[in-house]
Structures are given as structure tokens and as C-alpha cells.
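Notes for the one structure printed next.
The values are calculated or read from the model by the stated rules, or taken from the named source; none is laboratory data. Because the structure is predicted, anything quoted here is derived from the model rather than measured. Please note: Cβ atoms are built from the backbone with ideal geometry, for glycine as well, and neighbour counts cover all protein chains shown. Note: areas computed on protein heavy atoms with side chains; ligands, DNA, RNA excluded. Shrake-Rupley method; radii C 1.70, N 1.55, O 1.52, S 1.80 Å.
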Amino acid sequence: MAHRKVVAKESVVAIVAARTIEHSRLGYGFATIRDDELAAEASGVPTLRLKLIATTLSGALMGMAGAPFPYYIGYLQPSGAFGLEYAVNSIAMPMIGGTGVWIGPVIGAVLLGTIQQVATVTISSAVNLLIVGVLLVAFVIIAPNGLVGLITQRKAKERG
């Protein structure tokens, strides 16, 4: 139970940090690099500096998320901490939700986590990786910008 409280606090910190960065000068620099790195460089955006800041922030958030992991499971082994399921989930969650805004990965994490829990209870935990793979392929083909991008695109079509 204590682990869930720690994870919840870390998740809130990560979401608040992402939301704060998104509407700051730093976030606008990140968005400029994401959209067109060469144009950002030509416009005077310090791309190398911003990439280093993004890497540092990402590492700090991942370290904060991974710190209670050994306490939670009691021991560490490489196959447990660096398993294929963790790697695939960490890629699939933002791809399913969308990477353009902070809410996309949150939506992807909630949706994928819910589907995996339902599959584990009703079918088997062995199919989780298959479900993630099928969803990842489907979203790359149908909605390359994730659910948030799909909804934004549909709203833009409705407006004209």
C-alpha cells in the first residue's frame, strides 16, 4: 500500500512538472525542436542546450520513479528491472495517448493499464505483451499522433 502512495505522489509531481514546462519558455523551445529542429536552430533556439535539459529532466523523473522499485519487490535482478514488458509499455503508453501534449501519455497509461489489468483478470497475464503490440501497431497505423491527436484532428474537421 505504501508503494502505491509513493507512485501516486511521483506521478503527480511528474504531471505537474510536464504541465508547467509545456506552457513555459522551455516548453515552447521543446515544441519548436520537435516540430522542426533545423528551423529552430536557424531561429536562434539553443537546441543542444534544450536537448541536454530534456535529457536531464527525463533522467530525474525516471530516477524518481524507479527509486522505490527495489523496496517494493525486495530484490533486484536485471530481467525484472529491464524486462521487455517495461520497455514496450514505456513506448506504447505515450504513443497510444499522444506525445504532443502532457495529457496524452497520461491517457495512454490509464487506458493501457486498464486493458492490461482486465486482460490479466479475465484471460491471462501472458497475453499482455500481445495486446500492447497489437494496440501499438493499430495506433501507429490509425492514429500516429495518438488519441489526443485523433480527437484534435476530428474536431478540426468538424469546424471546417
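Table for the structure above
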| read-out | value |
| --- | --- |
| Count of the stretch 119-133 residues which are open to solvent by less than 80 Å² (accessible area, probe 1.4 Å) and either under 19 Å from A87 (Cβ atoms) or assigned to a helix (DSSP H, G or I) (or both) | 9 |
| Filter pass, I107 being open to solvent by 50 Å² or more (accessible area, probe 1.4 Å) and either closer than 30 Å to Y28 by Cβ or under 16 Å from the mean Cα position of the chain (by Cα) (or both) | yes |
| Index of the failed condition, T114 passing every other in (1) surrounded by fewer than 11 Cβ atoms within 10 Å (Cβ to Cβ); (2) over 19 Å from E85 (Cα atoms); (3) modelled with pLDDT of 85 or more | (2) |
| Count of the stretch 102-118 residues which are outside any helix (DSSP H, G or I) and of a type in the set (S, T, Y) | 0 |
| Selected residue (criterion: surrounded by the most Cβ atoms within 10 Å (Cβ to Cβ)) from residues of the stretch 134-150 that are assigned to a helix (DSSP H, G or I) and among the small types (G, A, S) | G146 |
| Scan of the stretch 67-92 for residues that are closer than 24 Å to I107 by Cα, in contact with a helix residue (DSSP H, G or I) (Cβ under 9 Å, 6 or more places away or on another chain) and not in a helix (DSSP H, G or I), ordered by number | A67, P68 |
| Unmet criterion (only one of (1) in a helix (DSSP H, G or I); (2) open to solvent by 70 Å² or more (accessible area, probe 1.4 Å)) for T99 | (1) |
| Qualifying residue in the stretch 36-44 (condition: part of a helix (DSSP H, G or I) and among the hydroxyl-bearing types (S, T, Y)) | no |
| The stretch 13-41, residues that are over 19 Å from V101 (Cα atoms) and open to solvent by 90 Å² or more (accessible area, probe 1.4 Å) | L38, E41 |
